[in-house]
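K.L.:
Got a structure here, written out as structure tokens. Questions coming.
Each reported figure results from applying straightforward, stated rules to the coordinates on display, with no laboratory input. Computed from a prediction, not measured in an experiment: that's the story for all the values here. Quick reminder, even Gly has a Cβ in these numbers, built from the backbone with ideal geometry, and neighbours come from all protein chains shown.
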Amino acid sequence: MEKQDQKSANEIRAEGRGKTLADAEAEALTRLEEVAGDFDRDEVELRILDEGSKGFLGMGSNEARVELVLAVDGSAAADTGEQQPAAPDADPAAAAAEARRRLADYLDRIIDAIGIDSTIEITEDEETLTGNVRGGDLGIFIGRHGQTIDAIQYLANVISFRGLDERKRVIIDAEDYRERRRDALHSLAERAVSELEQGTDEYELKPMSASERRIIHLYLQDRENVDTISEGRDPYRRVIITRVDD
């Protein structure tokens, strides 16, 4: 039986499964984001429930299972034993420059490992630090339903500001993919609402990642006579939009 995501007064938990620990962690992250919304990645504790096994000749294999625990009372998650790097300087300008350097280096290593010919653009405002990868075949960088770029973004949030007093949300993009995808999801939501207005009781969307499901939920949350729910298990979890009669 699948373990349900749990939310209490002190913490939120989300479980993920996958062929590898990395896959399981990516799924747990998307589920946690759907429940908790935006959060400080340093407050997330990773617990490995099952490292998984390949079995013999592909038979008898077990999926890897992990659990992410987010403290919601402002306290940091339990110490994982990993040593935190010290801040290079208390000066905010120096901390910001260090975060930009870390993000650029992290993305450079990824695109080099993937083998795509791309450039990295780092921009910053008062609340966010954005790394936008441009050029080359970015399909593998984005991944199916954006799952790969979401996992890259998660790690970027952990790496960029670790040990620094400065703290901003890190966004990873690819040729402005997120804006284009958000617009496409908004159009999809409008199409569903149009179907409901014509008499359909519910409209079921195709499976999508937690971050994309959240875009649908937020876009329609204030729409009259419309409700949204998520059903199913990742990677087949999907949004169902229903008509609510007065």
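K.L.:
Quick one: 3J(HN,Hα) in Hz for segment 169-184, Karplus 6.51/-1.76/1.60 with θ = phi - 60°, rounded, Gly and Pro as x.
P.N.:
Listing the rounded values in order: 6, 9, 10, 10, 10, 9, 6, 6, 4, 5, 5, 5, 5, 4, 4, 5 Hz.
K.L.:
Oh, and also: Can you give the Rg and Dmax of segment 115-240 based on its C-alpha atoms, in angstrom?
P.N.:
17.0, 55
K.L.:
A further question on this structure: Counting other Cβ atoms within 10 Å, which GluC sites (Glu not before Pro) in segment 98-150 have at most 13 and lie in a DSSP loop?
P.N.:
126, 127
K.L.:
How big is the gap, in Å, between the Cα center of segment 198-246 and the Cα center of segment 153-174?
P.N.:
Here the answer is 30 Å between Cα centres.
K.L.:
In segment 143-246, what GluC sites (Glu not before Pro) fall in a loop by DSSP, with at most 13 other Cβ atoms inside 10 Å?
P.N.:
Counting only loop positions with at most 13 other Cβ atoms within 10 Å, the GluC sites (Glu not before Pro) in segment 143-246 are 224.
K.L.:
Test of the criteria: in segment 168-243, which chymotrypsin sites (Phe, Trp or Tyr not before Pro) are in a DSSP loop and have at most 11 other Cβ atoms within 10 angstrom of their Cβ?
P.N.:
236
K.L.:
Using amide H atoms built 1.01 Å from N in the peptide plane, name the residues 5+ places from residue 129, or on other chains, whose amide H lies under 5 Å from its own.
P.N.:
Residues meeting the amide H criterion: 169, 170, 171.
K.L.:
Could I ask something else about it? Around residue 49, which amide H atoms from residues at least 5 apart in sequence, or from another chain, sit under 5 Å from its own amide H, with H modelled in the peptide plane?
P.N.:
Result for residue 49 returns 65, 66, 67.
K.L.:
Can you put 30, 20 in order of Cβ neighbours within 10 angstrom, beginning with the fewest?
P.N.:
Listing 30, 20 from fewest to most nearby Cβ atoms yields 20, 30.
K.L.:
Considering every pair of different Cα atoms, what Kirkwood radius, in Å, is found for segment 92-175?
P.N.:
Its Kirkwood hydrodynamic radius stands at 12.8 Å.
K.L.:
Averaging over all projection directions, find the projected area of the Cα convex hull of segment 180-239 and quote it in nm² with one decimal place.
P.N.:
Convex hull of Cα atoms, orientation-averaged projection: 3.8 nm².
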